[in-house]
Amino acid sequence: MLKLGKKRIISIMAILLSLSISLSSCTSLRYNITNKEENDNNSNSLSDKVGSEKINEETSIGSSNINTNLNNNPNVFYDENNVPINNKPANSTTNSEPNSNQTNTSEIKEYPKLIDNTVRLLAGMNQNQRTAYNRICTAIGNFEENVDLKEFNLTEGEVFDCLMTASMTNLKVNYLSLDYGISSVKGKDKVVSVKLAYTKNKAQHQKDLEKLDNKIKSIIDNCKVSDEYDILKYIHDTIIRDCEYDINTENPLSAYDCLVEGKAVCEGYSKAFILLCSEFGIECLPVVGNAGDLSGNPIPHMWNLVKVDGQWLHFDVTWDDPIVLEASKDYDFVKYDYFGLSDIGISMDHEMKKISYLTYPKATSEVDDYYTTYNLVASSVEGAASLLKSEMIVAVNGNENCVRIKLSDSSTYEDVNEYVFVETVNGTENIFEMLSEVKSETGSQTLNSGAYSTVSYSSRNILTIILHYNY
């Protein structure tokens, strides 16, 4: 376990992974964006290769706060049957609902509110753990420093589970210190108490809470879709566009820093995704495990399982937010390579860690990923060329810079790349002919038909083309 004298790092990643591996950098993808101009045989690398690590993330010294959503709503407690006590119904009024005095209220969509995943996460705990969980949440909400747990006869591992569950189910408090002290019975693995520390007072927390609630309300109010899958795309895109992968913020492992400060690492992305899914009434769970770095080495990572129209699917918002170097910000884009994957699909480069008290639901659907759902899969060169051109037209008309399709297999992927990008007998590439046709058909005055960038992701047979504009 990670130890700092009598202290432990408070982080989901630390709590879950300390028993099996040492913490290192949490991983995500960087992409090899190749910038091409017509008749230019020299490609310029604008970022590192696929699979490289992002900034150092969950290290053994810096980590996250436990975030507890104890703002203006009553604490949710659970009886021995995991039935919530004094919990509001899912469709009841909450502070995040639109203000009734707002103009154009007829245009404001109503969504189910605050799906509570605590019952699922507490299901494997015994009654003493559930009661200790309630006590820890109450202590954090009241800014109490000492939490007496001796009556529950819990081991350190069981207390870690309580702390982790508090972090995963309560996401708005952002004032707990990075570490905590623990007292146990001498010579026995029985916890007597936990000592907490706080980085902010109640007044400071209320200011942060107001910022977070305003941000959430703005995100909800700006949502123009109602289909569950489309809502997830909206949440996914909002997080990626508003946040960048960066450890240089006060609490990069929090939903607050992801949504308000615009900086976070994988745990912050995952928590923000849970929080927003909850506001839209979509059940979302954190998944903790490993993902491969550039060399294929397992690195601690966090992503999500989401229940979509009755099916559980994997979403990794962090890995769908590529790092683009500052000089290439004009070519930034949103990916959907880890949007709606099955257990088999995610297991290509992610490994779920077993948790003693939680059984993850199975994600079995192979036809609910982004590319299949939005009909962006091609099985032939001719079909891919037609799909690429039509998607380019959609992108130009929507003032977007990114076109992405998936090929049905590796052989088709190689054939399509050869057809689109390899020089023909007349000394040019078919991609430039496509761009010229798109510019003519759309009447675009800004599309650069003589340049493009590509993102290669051959292991998943995904082809991404970034359009260039002359502004």
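Give me a count of the residues in segment 379-404 that are crowded, with 21+ Cβ neighbours inside 10 Å and within 13 Å of residue 431 (Cβ to Cβ).
Count: 4.
What is the residue count in segment 354-390 for residues that are within 26 Å of the chain's Cα centre (by Cα) and not in a loop (DSSP other than H, G, I, E, B)?
Counting residues in segment 354-390 that are within 26 Å of the chain's Cα centre (by Cα) and not in a loop (DSSP other than H, G, I, E, B) gives 7.
For segment 166-188, name all the residues that are closer than 18 Å to residue 129 by Cα and modelled with pLDDT of 85 or more.
Within segment 166-188, 183, 184 qualify.
For segment 105-136, which residues satisfy the criterion of being under 29 Å from the mean Cα position of the chain (by Cα), at pLDDT 65 or above and assigned to a loop (DSSP other than H, G, I, E, B)?
Correct list: 115, 116, 117, 123, 124, 125.
If I filter segment 186-227 down to residues being in a loop (DSSP other than H, G, I, E, B) and hydroxyl-bearing (Ser, Thr, Tyr), which single residue comes out as nearest to residue 239 (Cα to Cα)?
We begin by selecting, within segment 186-227, every residue in a loop (DSSP other than H, G, I, E, B); these are 186-190, 196-197, 199-201, 222-227.
Within this subset, residues satisfying the condition of being hydroxyl-bearing (Ser, Thr, Tyr) are 199, 226.
Working: 199: 26, 226: 18 Å.
Among them, the one singled out is 226.
Of all the residues that make up segment 401-449, how many are more than 18 Å from residue 383 (Cβ to Cβ) and out of contact with any Ser or Thr (no Cβ under 6 Å at 6 or more places or on another chain)? Working first, answer last.
Our first condition is that a residue be more than 18 Å from residue 383 (Cβ to Cβ); within segment 401-449, this holds for 401-402, 422-429, 432, 435-436, 439-449.
Still in the list and also out of contact with any Ser or Thr (no Cβ under 6 Å at 6 or more places or on another chain): 401-402, 422-429, 432, 440-448.
Number satisfying all stated conditions: 20.
Among residues belonging to segment 228-249 that are in a helix (DSSP H, G or I) and of a type in the set (D, E, K, R), point out the one that is nearest to residue 177 (Cα to Cα).
Applying the first criterion (in a helix (DSSP H, G or I)) to segment 228-249 yields 228-242.
From what is left, the residues that are of a type in the set (D, E, K, R) are 228, 230, 233, 237, 241-242.
On the way: 228: 36, 230: 37, 233: 33, 237: 30, 241: 29, 242: 26 Å.
Looking at the filtered set, the residue picked out is 242.
Could you please find all residues in segment 440-461 being of a type in the set (A, V, I, L, M) and surrounded by 20 or more Cβ atoms within 10 Å (Cβ to Cβ)?
Within segment 440-461, 447, 455 meet the criteria.
Examine segment 419-439 for a residue that is buried (at least 17 other Cβ atoms within 10 Å of the Cβ) and on the phi > 0 side of the Ramachandran plot, and state whether such a residue exists.
no
Given the criteria in contact with a Ser or Thr (Cβ under 9 Å, 6 or more places away or on another chain), farther than 22 Å from residue 321 by Cα and at pLDDT 95 or above, does residue 385 qualify?
When the stated conditions are applied, residue 385 does not pass them.
Within segment 301-320, track down each residue that is closer than 16 Å to residue 290 by Cβ, assigned to a strand (DSSP E or B) and not aliphatic (A, V, I, L, M).
301, 303, 304, 314
Can you find even one residue in segment 369-382 that is at negative phi, in contact with a His (Cβ under 8 Å, 6 or more places away or on another chain), outside the structural domain of residue 467 (by TED's automatic domain parsing) and in contact (Cβ under 8 Å) with a residue 12 or more places away in the chain?
No, because not a single residue in segment 369-382 is at negative phi, in contact with a His (Cβ under 8 Å, 6 or more places away or on another chain), outside the structural domain of residue 467 (by TED's automatic domain parsing) and in contact (Cβ under 8 Å) with a residue 12 or more places away in the chain.
Return yes or no: is residue 466 in contact with a helix residue (DSSP H, G or I) (Cβ under 8 Å, 6 or more places away or on another chain) and modelled with pLDDT of 95 or more?
no
What residue, among those in segment 251-273 that are surrounded by fewer than 24 Cβ atoms within 10 Å (Cβ to Cβ) and free of Cβ contacts under 8 Å to residues at least 40 places away in the same chain, is farthest from the chain's Cα centre (by Cα)?
261
Of all the residues that make up segment 157-203, how many are of a type in the set (Lys, Arg) and free of Cβ contacts under 8 Å to residues at least 24 places away in the same chain?
Applying the first criterion (of a type in the set (Lys, Arg)) to segment 157-203 yields 172, 186, 188, 190, 195, 200, 202.
Among the residues that remain, those that are also free of Cβ contacts under 8 Å to residues at least 24 places away in the same chain are: 186, 188.
Final tally of qualifying residues: 2.
The values are calculated or read from the model by the stated rules, or taken from the named source; none is laboratory data. Bear in mind the structure is a predicted one, so any value in this text is a computation, not a measurement. Reconstructed Cβ throughout: ideal geometry from the backbone, glycine too, with neighbour counts over all protein chains shown.
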